[in-house]
Amino acid sequence: LIFDGMALPPFLPLRENAEKRFMEIRNLECRKDDIILATYPKSGTHWIWEVVCMLIKGNTEYTKETKEFFFLEAIPDLDVVHNLPSPRPLNTHLPYRWLPKQLTEKGGKIINVIRNPKDVAVSMYHHLLSAGEFNKDFTFTQFMETLFFGPVCTMGSWYDYVKEFEQAAENDRHGLLFTVHFENMKKNPIDETKRLAKFLNVEASDKFIEDIVEKCSFENLKSADKTIKDQSIMKKIVGIGPEHTRKNKPNMYRKGVIGDWKNHFTVTLNERFDRIFEDEMKNSKLHIHFE
Ligand code: A3P
């Protein structure tokens, strides 16, 4: 399914009427203290969302609601969001131009996570493979040629996505857009979590920050994942999980490392990627960390 130049993930609200849901999100009634986590898929959404929730709540209990509960394009009924207490940690994979107008025009905080596109591609390949979208004889190189470099890929091109956010960050006069790099978070989680706390105006002791980092390590989040899902308030209250049309539930916690692309890219593919990257990013000041 394609909308506005983007191949859409298989969430039912998008399958049924993508334009309707995109417009609903664009016109969402926002509050001044809303926080929206905006990520290109496979950039570390689940991880950063959990960190943000812990900072807001002021404790390190795993958030019982699944991320999808607030996932604007996946939740069955967007009205649910209207009844959430403030501050609402919302999240979306929609590009900047589709974020709620009220949020981008009137204020409300945006956290944008950027991950290097080679690892994003590898992570997406495994995500789709584990979701049963294609089988094992569809190689990573084939995936890159047909889907990632293709005219439309999931949520559109990675380049368009990050360049739109870079532009928005340049125009951000009020310090409402925060950028976090997956790689910095991985290498320096304490400092990055402190930066996030400051952005969110959360008073956080060193101990609290250390506890969050520990609870949100890859290993701990991976093992907590199942419990979190079982306790999902979404399942309890709404009676349903995020509905989508995939065969299997994809694995969200796979390796959690920087540079797994080196195990997947052939020399030829890598050279081709670097040429495209250089051309696409020639006017960008973003520093992307590949290792
Ligand atoms: P890999 O497939 O490379 O392992 P998203 O949540 O946006 O779908 O992103 C998923 C990616 O983030 C997966 O990448 C996943 O392993 C990684 N991830 C999740 N939690 C992490 C953590 N605490 N530390 C490092 N990476 C994490």
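So which residues in the range 20-62 are part of a loop (DSSP other than H, G, I, E, B), more than 15 Å from the ligand (Cβ to nearest atom) and either polar (S, T, N, Q) or over 22 Å from residue 215 (Cα atoms) (or both), if there are any at all?
Within the range 20-62, the subset part of a loop (DSSP other than H, G, I, E, B) is 27-34, 40-44, 58-62.
From what's left, more than 15 Å from the ligand (Cβ to nearest atom): 27-34, 58-59, 61.
Answer for the range 20-62, where residues must be part of a loop (DSSP other than H, G, I, E, B), more than 15 Å from the ligand (Cβ to nearest atom) and either polar (S, T, N, Q) or over 22 Å from residue 215 (Cα atoms) (or both): 27, 28, 29, 30, 31, 32, 33, 34, 59.
Within the range 45-66, identify whether any single residue is free of Cβ contacts under 8 Å to residues at least 60 places away in the same chain and within 16 Å of the chain's Cα centre (by Cα), and answer yes or no. So that I can check it myself, show each step before the final result.
Taking the range 45-66 as the starting set, the residues that turn out to be free of Cβ contacts under 8 Å to residues at least 60 places away in the same chain are 49, 53, 57, 59, 61.
From what's left, within 16 Å of the chain's Cα centre (by Cα): 49, 53.
Yes, there is a match, as at least one residue in the range 45-66 is free of Cβ contacts under 8 Å to residues at least 60 places away in the same chain and within 16 Å of the chain's Cα centre (by Cα).
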Inset, instruction - Only residues that are surrounded by fewer than 21 Cβ atoms within 10 Å (Cβ to Cβ) and either more than 16 Å from the ligand (Cβ to nearest atom) or among the small types (Gly, Ala, Ser) (or both): list them for the range 63-74, please. - result: 64
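Taking the condition part of a helix (DSSP H, G or I) and either modelled with pLDDT under 95 or closer than 20 Å to residue 108 by Cα (or both), does residue 207 pass?
Numbers: part of a helix (DSSP H, G or I): yes; either modelled with pLDDT under 95 or closer than 20 Å to residue 108 by Cα (or both): no.
Answer is no for this residue.
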Inset, instruction - Six or more apart or on different chains, Cβ under 7 Å: which pairs go from a residue in the range 257-272 that's more than 8 Å from residue 122 (Cβ to Cβ) to one that's modelled with pLDDT under 95? Could you list them? - result: 258/291; 259/291
Legend entry - Residue tally, condition within 16 Å of the ligand (Cβ to nearest atom) and either assigned to a loop (DSSP other than H, G, I, E, B) or free of Cβ contacts under 8 Å to residues at least 24 places away in the same chain (or both), over the range 8-19: 3
Legend entry - Criterion: surrounded by fewer than 18 Cβ atoms within 10 Å (Cβ to Cβ) and among the small types (Gly, Ala, Ser) - qualifying residue of 156, 175: 175
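The values are calculated or read from the model by the stated rules, or taken from the named source; none is laboratory data. Every value quoted in this text rests on a predicted model; they were computed, and no experiment measured them. Neighbour counts run over all protein chains shown; Cβ positions are idealised from the backbone, glycine included.
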